[in-house]
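Inspection log for the structure reproduced underneath, given as structure tokens.
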Amino acid sequence: MADLHEFYPLRRHNTFGFDVRARFAAHVRSEDDLVAALADPRVAGLPVLVLGGGSNVVLTADLQALVLLMEIPGFSARASETAWLVTAGAGENWHALVCRTVTEGMPGLENLALIPGTAGAAPIQNIGAYGVELRERFASLRAYDRASGTFVELDAAQCAFGYRDSLFKQAGKDRYIITAVTLRLPRPWQAVLGYAELARELHDEPAPGAAAILDAVVAIRSRKLPDPTRIGNAGSFFKNPVVSAAQGAALLAVHPGMAHYTQADGRIKLAAGWLIDQCGFKGVRDGAVGVYEKQALVLVHHGGGNGAQLLALSTRIADAVQARFGVRIEPEPVVL
Ligand SMILES: Cc1cc2nc3c(=O)[nH]c(=O)nc-3n(C[C@H](O)[C@H](O)[C@H](O)COP(=O)(O)OP(=O)(O)OC[C@H]3O[C@@H](n4cnc5c(N)ncnc54)[C@H](O)[C@@H]3O)c2cc1C
């Protein structure tokens, strides 16, 4: 029988700090732990939910489920002519992995520094920041396929990565439990400095090293984003909406100052934070939940509240943005 915990408190397993319980929880430190937990007769028929660092979920109520707490360790690296291939256990802390690869002379992840959570969750929404997305540094992953009851290897094409999206949020939702991720860090390394804010932080230095870029990303993020150990949050709460070229042009005609980024296909990505800010939500507090005072894209939990209150606020914000701009903004975190 697996080592299962009944009515397990999840407050320390989600960065909003919502106080909900799992009917059963298992600390998964190996693939054997995973198989044992799933096969335990006490959880037969219960839904299965997977948690890494809990930095991209909204827990709205007690979970009548088996919750797998992914803590599988592991780090190995090998070099080929064209890349370093780094494999990390699903439970490895993402930022620690970024720091380790840079320190050990395998740069390429520095733009993704300080994103909370685990290596195993990074492919789920194809994490991205400061001009780099996981898919550009991804080789393959190993996962338990609940449909076939076997372990499988999936490459980048099979993972169907998109903007904050992948197979695991679409056709493969609830099917795969990732146990390890292999990253491909191209050699020779090339700095990615397209973000003006990042270049400024580096004082427009023409050839900064990976460690300097990592430090700059950490400095910017520490200024802009609330530390989840101090105030509950899940980072950006809404995805940036992408509208047609025609709708974008119509909006720009009315709001010339609107933050926007033209995509390769001509569509226009809008800054959700700007839209929310224009609707007057920055710093608004609604009981135990609210909008971060420095960044309208981040919803926060001040303590003593719950996920349902947070979702109610998020709907109020999305409705206001829709009424003013005719654009629907969608939450980024997974609601469990
Ligand atoms: C302050 C802050 C800043 C952030 N900044 C960014 C950012 O810049 N860019 C960005 O992309 N994200 C950002 N995020 C969001 C978040 O950190 C990432 O999405 C991260 O990858 C989530 O990792 P996690 O381990 O906490 O996943 P969790 O929140 O535990 O899980 C997220 C989803 O992944 C699933 N999952 C987790 N582990 C596994 C696994 N091993 N196998 C299968 N499914 C799994 C869960 O079931 C859930 O659906 C930020 C969050 C915070 C709090």
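Going through segment 227-245 one residue at a time, which ones are in a loop (DSSP other than H, G, I, E, B) and open to solvent by less than 10 Å² (accessible area, probe 1.4 Å)?
To start, the set of residues in segment 227-245 that are in a loop (DSSP other than H, G, I, E, B) comprises 227-231, 237, 239-241, 244.
The answer is Phe237, and nothing else.
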Unique residue being assigned by TED's automatic domain parsing to the domain that holds Gly149 and open to solvent by less than 40 Å² (accessible area, probe 1.4 Å) when the list is Val58, Val98, Val43: Val98
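Which one of these is within 14 Å of the ligand (Cβ to nearest atom) and farther than 22 Å from Leu68 by Cα: Leu154, Leu183, Leu167? First the steps, then the outcome.
Values: Leu154 fails: farther than 22 Å from Leu68 by Cα; Leu167 fails: farther than 22 Å from Leu68 by Cα.
The match here is Leu183.
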Close pairs (7 angstrom Cβ cut-off, 6 or more residues apart or separate chains): within 17 Å of Val48 (Cβ to Cβ) in segment 1-18, among the aliphatic types (A, V, I, L, M) and open to solvent by 30 Å² or more (accessible area, probe 1.4 Å) anywhere: Ala2/Ala36
Those strands (runs of 3 or more DSSP E) lying entirely in segment 91-193 with at least 1 residues small (Gly, Ala, Ser) and modelled with pLDDT of 95 or more: 138-145, 176-186
Tally, over segment 292-336, of residues that are part of a loop (DSSP other than H, G, I, E, B), surrounded by 17 or more Cβ atoms within 10 Å (Cβ to Cβ) and in contact with a strand residue (DSSP E or B) (Cβ under 7 Å, 6 or more places away or on another chain): 8
Out of His260, His203, sole residue that is under 29 Å from Gly105 (Cβ atoms) and open to solvent by 40 Å² or more (accessible area, probe 1.4 Å): His203
Filter pass, Leu198 being within 14 Å of the ligand (Cβ to nearest atom), in contact with a Phe, Trp or Tyr (Cβ under 8 Å, 6 or more places away or on another chain), open to solvent by less than 50 Å² (accessible area, probe 1.4 Å) and in a strand (DSSP E or B): no
Members of segment 109-151 that are open to solvent by 40 Å² or more (accessible area, probe 1.4 Å) and either within 8 Å of the ligand (Cβ to nearest atom) or closer than 22 Å to Ala212 by Cα (or both): Leu114, Pro116, Ala121, Ile124, Gly131, Glu136
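The values are calculated or read from the model by the stated rules, or taken from the named source; none is laboratory data. Treat the numbers as computed from the prediction; the structure is a model and nothing was measured. Note that we place each Cβ from the backbone using ideal geometry, even for glycine, and neighbour counts take in every protein chain shown. Calculation scope for accessible area: heavy atoms of the full protein, side chains included, ligands and nucleic acids excluded. Shrake-Rupley method; radii C 1.70, N 1.55, O 1.52, S 1.80 Å.
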